[in-house]
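Asks: Could you have a look at this structure, given as structure tokens, before my questions?
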Amino acid sequence: MSRSSDSISAPGDSPNTDGIHLGRDTMIHITDSVIKTGDDCVSIGDETKEVHIHNVTCGPGHGISVGSLGGYASEKDVQGIYVTNCTFIGTQNGVRVKTWPSAPAQLTVSDLHFEDLIMDNVSSPVIIDQEYCPHNLCKKDRPSSIKITNVSIKNVRGTTNSAEAVTLICSGLKPCENVEVGDIDLTYNGNQGPITTRCSNVKPKFVGKQNPPVCATTAKSA
């Protein structure tokens, strides 16, 4: 299925208003579109494969998300997600992967490509969050049992209004593997200290520019 030249709009403060939600879908193309909403511009659920999101402008909204995943034991693998040449304007997140801790599902999320992205005053430009627990209403007695592997995060540039520009929090039970981070150039436009990144249970491969240095404890303000 292909969607092109769409314009989707909802107020930025409207809850549960995903622009496009995908689940158990294969071979999806979303291109040349503008999405403004109060939740995810695009959300990608389980058993979804080969999704290409290209030249989409997102904002306001919560960004483009893979997940949340792991809430149900019947969930199946996610594979082949490509988010390329997209712009995020004033969004809560840029690109995000979110999985529940202590969740019954055991699946693999693989071949995620987040490349050539512009962030304009985005709160959290890049997030992998395997401790996803909104409103702290979930158990955290064991790490997420979802495996994330083969991820590329490349050529992400622009501004963030949060000091923590890149967050890669992977599972202590199944650490992220084959993560490549390259050509990151993000500037913090706030005043709450230096720009930072935060990582756990992941050892990325780095290529090209790193501003801020990803997975360093603290980075100097740009």
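Asks: Enumerate by residue number the chymotrypsin sites (Phe, Trp or Tyr not before Pro) in the range 26-121 meeting two conditions: DSSP loop (anything except H, G, I, E, B), and at most 11 other Cβ atoms within 10 Å of the site's Cβ.
Replies: Counting only loop positions with at most 11 other Cβ atoms within 10 Å, the chymotrypsin sites (Phe, Trp or Tyr not before Pro) in the range 26-121 are 72.
Asks: Note down the net charge around residue 45, summing +1 for each Lys or Arg and -1 for each Asp or Glu among other residues with Cβ under 9 Å from its Cβ. Don't jump to the answer; show the numbers that get you there.
Replies: Details: positive: 24; negative: 25, 46, 47, 75.
Net charge in that neighbourhood comes out at -3.
Asks: Here's a follow-up. So how do 119-130, 50-61 stack up, highest first, on mean other-Cβ count within 10 Å?
Replies: Most protected by this proxy first, the peptides run 119-130, 50-61.
Asks: Okay, next question. Simple spin-label model, 7 Å along Cα-to-Cβ: residue 138 to residue 191 in nm?
Replies: 3.6 nm
Asks: Another one. With the Cα gyration tensor of the range 45-167 giving a ≥ b ≥ c as the square roots of its eigenvalues, does the rule (a/c under 1.5 for rounded; else a/b larger than b/c for prolate; else oblate) give rounded, prolate or oblate?
Replies: It is oblate, given that a/c is not under 1.5 and a/b is not larger than b/c.
Asks: For residue 198, what charge total do you get from the other residues with a beta carbon under 13 Å from its beta carbon, if Lys and Arg give +1 and Asp and Glu give -1?
Replies: -3
Asks: Excluding residue 76 itself, what net charge comes from residues whose Cβ is under 11 Å from its Cβ, given Lys and Arg +1 and Asp and Glu -1?
Replies: Once all neighbours under 11 Å are counted, the net charge is -2.
Asks: Between Rg and the Kirkwood Rh of the range 34-90, both from Cα atoms, what is the Rg to Rh ratio?
Replies: 1.01
Asks: Given the range 88-222, what whole percent of its Cα pairs are spread farther than 21 Å? It would help to have the intermediate numbers written out before the result.
Replies: Values: 3528 of 9045 pairs.
Counting pairs separated by more than 21 Å, the tail of P(r) holds 39 percent.
Asks: What is the distance in Å between the Cα centres of the range 39-113 and the range 169-183?
Replies: 15 Å
Asks: Apply the a/c threshold of 1.5 to the C-alpha gyration tensor of the range 162-222 and tell me whether it is rounded, prolate or oblate. Walk me through the numbers on the way to the answer.
Replies: Details: a/c = 3.01, a/b = 1.58, b/c = 1.90.
Taking the square roots of the gyration eigenvalues as a ≥ b ≥ c, the range 162-222 is oblate.
Asks: If I build a Gaussian network model for the chain, linking alpha-carbon pairs within less than 10 angstrom, which residue out of 173, 117, 69 has the largest mean-square fluctuation?
Replies: 173
Only the coordinates and a few stated rules stand behind these numbers; no lab work does. Nothing here was measured: the structure is a model prediction, and the numbers come from that model. Because the Cβ atoms are built from the backbone with ideal geometry, glycine has one as well, and the counts that use them run over all protein chains shown.
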